[in-house]
Amino acid sequence: MASHNYDYDLFVIGGGSGGVRAARISSQHGAKVGLAEYDRYGGTCVIRGCVPKKLMVYASRFANEFEEASGYGWTVGERSFDWSTLIGRKDEEIDRLEEIYRTNLKKAGVTLFDAHARFADAHTLILKSGDGSEQKVTADRILIATGGYPKLDDRLPGMEHAITSNAVFHLDEMPKRIVIAGGGYIAVEFASIFCGLGADTTLIYRGDEILRGFDDEVRTFTREQLERKGLKVILGEVFTKLEETPQGLVGHTSGGKVLEADQIMFAIGRNPNVHGLGLQGVGVAQGAKGEIIVDAFSQTSQDHIYAVGDVTDRINLTPVAIREGHAFADTVFGGMPTRMDHADVATAVFTTPEIGTVGLTEQEARATHQMVDIYRTDFRTMKKAFPGSSERMLMKIVVDGQTDRVLGVHVVGDGAGEMSQLLGIAIKMGATKADFDRTVAVHPTAAEELVTLRTRSERYMKDAAE
Ligand code: FAD
């Protein structure tokens, strides 16, 4: 029986990474929980994000492997890639995962509604099903976990000809020529995917370097590696017009270029998904992008309304949304007040070569610390050098010169994402460079370079006047 004569102790809006975890754990803590999802269970990550993307990343990497295999004595026969096989098998996998999400929620005792939710008042939601029917539910507490959606450039003539990451997973045919607008990790990952799959791929980005927010050296190094693999990168330009012609799509750029393509994809950022929620009526404070403003416990300006995940625009990653959802459930229904710790979240960019990173970039460290030591190496790994591949790997350790504490580690190369997960533990524990140095190497691996990097590349002292 729910508290205060409400239908539910908790109603969750959104069945994605954050909402599902929050609903499941709250229910396990004894709350009566309802959840509404208007699209598919699993949310962005499972349906149109991390999971299908990673499957495409794996698919895109075989070309490299075939190339290198001959250096190891293999004769690889005729190669061909069938887009519809990949997409079909990917869809089956996503169906399977969605079913698991539904089952786990039901097993945990959560009542599911395949419906769109909006506020009628502070404790009442209107649930609208696909057939148009509506019902009202009341809840003591409400969690908004509605995620985000791809931003478009509404002022761009011909924008309707472009696709976003939502549609890219469902194209009938693989584009032979694709142009991707954007410089963030989603844009760059898809550029790398299509390049690996053999499409003529161009990335166009208005900034002076891709992957803003990452370590500057990592950004340049990654771009150069991708260019070596055939990706064309146009920096400092934007599209001024898109049009459909008999030759395919044509994109005109601010630098006067005319780019022909079978598909033009926009990945220029994501906005918090607050559309149609009726938030104005309930007085939940929002920021400039519409993001829901929350405190360290994910509580909004209304005491009984909480928000987690991308809709709060803190760190927009699945494991972060999951942790925020879990912390919310423990705080509100588990009697264990838990603040989400957003520091030193390790992350990966699944380009080929991939990026794994945790902690401060060199530029962040130099802005906040008196003395910063950089240890850096870039080299050809054994695996790449042997078959004659020119691909290089970068490793960079950023150290507080005064305390010896490792502030950040950045890796570009095979396995970098996997490495960053473990490096994240070391950084969370406050490891020093001396701790790295006294760790015995695992040989022969690429990762051993991280514990054998003894020679400092640079030391930066902060100007006393700064
Ligand atoms: P979501 O997972 O977006 O879930 C929100 C859900 O709410 C959706 O299912 C939506 O349909 C539903 N909803 C919205 N409004 C309503 C409403 N009014 N009523 C009912 N239901 C509603 N993160 C990583 O960590 N690693 C990656 O490699 C990675 N790759 C990505 C690749 C792409 C292409 C994209 C787009 C994202 C990627 N992300 C990745 C980010 C990750 O997907 C998100 O950070 C994560 O899904 C956020 O979870 P969430 O619970 O906040 O929202």
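Scanning the stretch 247-303 for residues being of a type in the set (Phe, Trp, Tyr) and more than 16 Å from the ligand (Cβ to nearest atom) gives a total of 1.
Results for (1) crowded, with 18+ Cβ neighbours inside 10 Å; (2) in contact with a helix residue (DSSP H, G or I) (Cβ under 6 Å, 6 or more places away or on another chain); (3) at pLDDT below 95; (4) over 20 Å from residue 199 (Cα atoms), shown as yes or no for each residue.
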| residue | (1), (2), (3), (4) |
| --- | --- |
| 49 | yes, no, no, yes |
| 78 | no, no, yes, no |
| 82 | no, no, no, no |
| 88 | no, no, no, no |
| 121 | no, no, no, yes |
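The set of residues from the stretch 1-23 being more than 6 Å from the ligand (Cβ to nearest atom) and either at pLDDT 95 or above or among the acidic types (Asp, Glu) (or both) comprises 6, 7, 8, 9, 10, 11, 12, 20, 21, 22, 23.
Going through the stretch 310-359 one residue at a time, which ones are farther than 30 Å from residue 60 by Cα, out of contact with any His (no Cβ under 8 Å at 6 or more places or on another chain), of a type in the set (A, V, I, L, M, F, W, C) and more than 9 Å from the ligand (Cβ to nearest atom)? Within the stretch 310-359, 327, 328, 332, 336, 340, 343 qualify.
Taking (1) assigned to a helix (DSSP H, G or I); (2) surrounded by fewer than 16 Cβ atoms within 10 Å (Cβ to Cβ); (3) away from the ligand (no atom under 16 Å from the Cβ) in turn, residue 225 satisfies each apart from (2).
Being closer than 20 Å to residue 424 by Cβ, in contact (Cβ under 8 Å) with a residue 60 or more places away in the chain and surrounded by fewer than 20 Cβ atoms within 10 Å (Cβ to Cβ): is that true of residue 347 here?
Numbers: closer than 20 Å to residue 424 by Cβ: yes; in contact (Cβ under 8 Å) with a residue 60 or more places away in the chain: yes; surrounded by fewer than 20 Cβ atoms within 10 Å (Cβ to Cβ): yes.
Spelling it out, residue 347 is indeed closer than 20 Å to residue 424 by Cβ, in contact (Cβ under 8 Å) with a residue 60 or more places away in the chain and surrounded by fewer than 20 Cβ atoms within 10 Å (Cβ to Cβ).
Which count do you get for residues in the stretch 192-209 that are under 22 Å from residue 260 (Cβ atoms), in a loop (DSSP other than H, G, I, E, B) and in contact with a Leu (Cβ under 7 Å, 6 or more places away or on another chain)? Walk me through it before giving the result.
Initial filter on the stretch 192-209 (under 22 Å from residue 260 (Cβ atoms)): 192-206.
This time we only want the ones that are in a loop (DSSP other than H, G, I, E, B), so: 197-199, 206.
Going one step further and asking which of them are in contact with a Leu (Cβ under 7 Å, 6 or more places away or on another chain), we end up with none.
The qualifying residues number 0.
Evaluation of residue 129 against the conditions (1) touching a helix residue (DSSP H, G or I) at 6+ places or on another chain (Cβ under 6 Å); (2) surrounded by fewer than 17 Cβ atoms within 10 Å (Cβ to Cβ) shows that the sole unmet condition is (1). Filtering the stretch 24-45 down to residues that are within 15 Å of the ligand (Cβ to nearest atom), part of a loop (DSSP other than H, G, I, E, B) and not basic (Lys, Arg), which residue is surrounded by the fewest Cβ atoms within 10 Å (Cβ to Cβ)? Looking at residues that are within 15 Å of the ligand (Cβ to nearest atom), part of a loop (DSSP other than H, G, I, E, B) and not basic (Lys, Arg), I get 39. State whether the residues of the stretch 350-371 include one that is free of Cβ contacts under 8 Å to residues at least 24 places away in the same chain and part of a helix (DSSP H, G or I). Yes, the stretch 350-371 contains a residue that is free of Cβ contacts under 8 Å to residues at least 24 places away in the same chain and part of a helix (DSSP H, G or I).
The values are calculated or read from the model by the stated rules, or taken from the named source; none is laboratory data. All figures in this text were calculated on a predicted structure; none of them were measured in a lab. In this analysis, Cβ positions are derived from the backbone assuming ideal geometry, glycine residues included, and neighbour counts consider all displayed protein chains.
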